[in-house]
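Colleague: The structure follows.
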Amino acid sequence: MDTVQQPTTTETERPRWPSIFRGWRGKCPRCGKGPLLHGYLKVNDDCTSCHQAFHHHRADDGPAYLTILIVGHLMAPLLHIVFVHWRPEPLTLFTIFSVGCVGLSLYLLPRLKGALIGFQWAKGMGGFGQPERPRR
């Protein structure tokens, strides 16, 4: 009788959720100590603590798409509720929701970029799965 061999948990598997949370906080997904980003969205070449290389990440437009998705799904229903219940002046409504959308977008964008890089590191995507070369 053929048995299907189940994959076993090895030490090489990387924890997904802790890596995502470390990236969300802007820290290295591997050690959680060194900074992942410098500036607003610029990714460091490597971790200053554990020397994990970040230069091959492929976050690209993913964080921007996720930011738009989250901000749109939060603000659109809220805009409808506020308009239906209180009927504020259009300029007031525009001002409040413009500031809210921009503020929430600026808050989420670097955090989602870090979380996406943490996810890529955990899953071994985009060059993170290849063995590290020793540093000279």
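Colleague: What is the one condition in (1) within 20 Å of LYS42 (Cβ to Cβ); (2) of a type in the set (D, E, K, R); (3) without any contact (Cβ under 8 Å) to a residue 60 or more places away in the chain that GLU89 does not satisfy?
Modeller: Status for GLU89: all satisfied but (1).
Colleague: Only one residue in GLY72, GLY129, GLY118 is free of Cβ contacts under 8 Å to residues at least 60 places away in the same chain, closer than 21 Å to HIS57 by Cβ and not basic (Lys, Arg). Which one?
Modeller: Exactly one of GLY72, GLY129, GLY118 is free of Cβ contacts under 8 Å to residues at least 60 places away in the same chain, closer than 21 Å to HIS57 by Cβ and not basic (Lys, Arg), namely GLY129.
Colleague: Looking at LEU69, LEU78, which is the one that is modelled with pLDDT of 95 or more, farther than 15 Å from GLY23 by Cα, exposed (fewer than 15 other Cβ atoms within 10 Å of the Cβ) and touching a helix residue (DSSP H, G or I) at 6+ places or on another chain (Cβ under 9 Å)?
Modeller: Matching residue, one of LEU69, LEU78: LEU78.
Colleague: Would you check which residues across segment 36-61 are surrounded by 13 or more Cβ atoms within 10 Å (Cβ to Cβ) and closer than 18 Å to VAL102 by Cα and list them?
Modeller: Once the filter is applied, which keeps residues that are surrounded by 13 or more Cβ atoms within 10 Å (Cβ to Cβ) and closer than 18 Å to VAL102 by Cα, segment 36-61 yields only LEU41.
Colleague: In segment 55-69, is there at least one residue being assigned to a helix (DSSP H, G or I) and in contact with a Cys (Cβ under 7 Å, 6 or more places away or on another chain)?
Modeller: No, segment 55-69 contains no residue that is assigned to a helix (DSSP H, G or I) and in contact with a Cys (Cβ under 7 Å, 6 or more places away or on another chain).
Colleague: Every residue in segment 32-54 that is part of a loop (DSSP other than H, G, I, E, B), over 19 Å from ARG14 (Cβ atoms) and in contact (Cβ under 8 Å) with a residue 24 or more places away in the chain, please.
Modeller: Hits for segment 32-54 are TYR40, LEU41.
Colleague: So, one more: Of the numbered conditions (1) assigned to a loop (DSSP other than H, G, I, E, B); (2) aliphatic (A, V, I, L, M); (3) modelled with pLDDT of 95 or more, VAL102 fails exactly one; give the number of that condition.
Modeller: It is condition (1) that VAL102 fails.
Colleague: Quick check on HIS73: is it assigned to a helix (DSSP H, G or I) and over 23 Å from the mean Cα position of the chain (by Cα)?
Modeller: Answer is no for this residue.
Colleague: If you don't mind, another one. What is the one condition in (1) under 14 Å from LYS113 (Cα atoms); (2) in contact with a Phe, Trp or Tyr (Cβ under 9 Å, 6 or more places away or on another chain) that MET75 does not satisfy?
Modeller: (1)
The values are calculated or read from the model by the stated rules, or taken from the named source; none is laboratory data. In this text, all values refer to a predicted model and were calculated from it rather than measured experimentally. Using ideal geometry, Cβ is built from the backbone for each residue, glycine included, and neighbour counts are taken over all protein chains shown.
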